[in-house]
Amino acid sequence: MPSMNKKPVRMCVACRGRFSSDVLLRLQCKDGLLGEFTKFGRSFYICSGCLKNEKKYTKSLMHQCRSADATYLSNQLKEIVAHNGKS
């Protein structure tokens, strides 16, 4: 008998850990700009553990956004986290 309380499991792009989607931060890159997911287009997730380690998420952000400007992406993510209050 299947469980009715199953939550979606998603993968963090930085550590490849699998977590419930409600504990992950969902982001998307559109035209090289990092932002919160707007419900249109492709998105990716980052866990709260990886958000605390800039070195860990920088390479993943550069890959997801196809950008070489690590400092800019890192600053955008910090603004999103501060605005969202999730860490």
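Each value in this text was obtained by applying a stated rule to the coordinates, not by laboratory testing. Owing to the predicted nature of the structure, the values given are computational and were not obtained by experimental measurement. Don't worry about glycine lacking a Cβ; one is built from the backbone with ideal geometry, like all the others, and counts go over all protein chains shown.
For the stretch 9-84, rounded, prolate or oblate, judged on the Cα gyration tensor with a ≥ b ≥ c (square roots of eigenvalues), a/c < 1.5 rounded, else prolate if a/b > b/c? Here the stretch 9-84 falls in the rounded category. Modelled this way, with points 7 Å down the Cα-to-C-beta line, the labels at E54 and F37 are 2.7 nm from one another. Between S21 and N75, the simple spin-label model (points 7 angstrom out along Cα→Cβ) gives 3.3 nm.
Candidates Q76, I46, C15 compared by Cα position along the dipole of the chain: farthest toward the positive end lies C15, with charges placed on Cβ.
So which of K39/K78; K7/K59; K6/K56; K6/K78; K30/K56; K30/K55 end up more than 24 Å apart by C-alpha? With Cα atoms farther than 24 Å apart: K7/K59; K6/K56; K6/K78. Using θ = phi - 60° in the Karplus curve 6.51 cos²θ - 1.76 cosθ + 1.60, the 3J(HN,Hα) couplings for the stretch 54-68 round to 4, 4, 6, 8, 4, 5, 5, 5, 4, 5, 5, 8, 6, 10, 9 Hz; x is entered for Gly and Pro.
Summed over qualifying helices (DSSP H, 4 residues or more, each -39500 (n - 2.57)) and divided by its residue number, the chain shows a 222 nm mean residue ellipticity of -10500 deg cm²/dmol. Taking Cα atoms only, the orientation of helix 70-84 departs from the longest principal axis of the chain by about 50 degrees.
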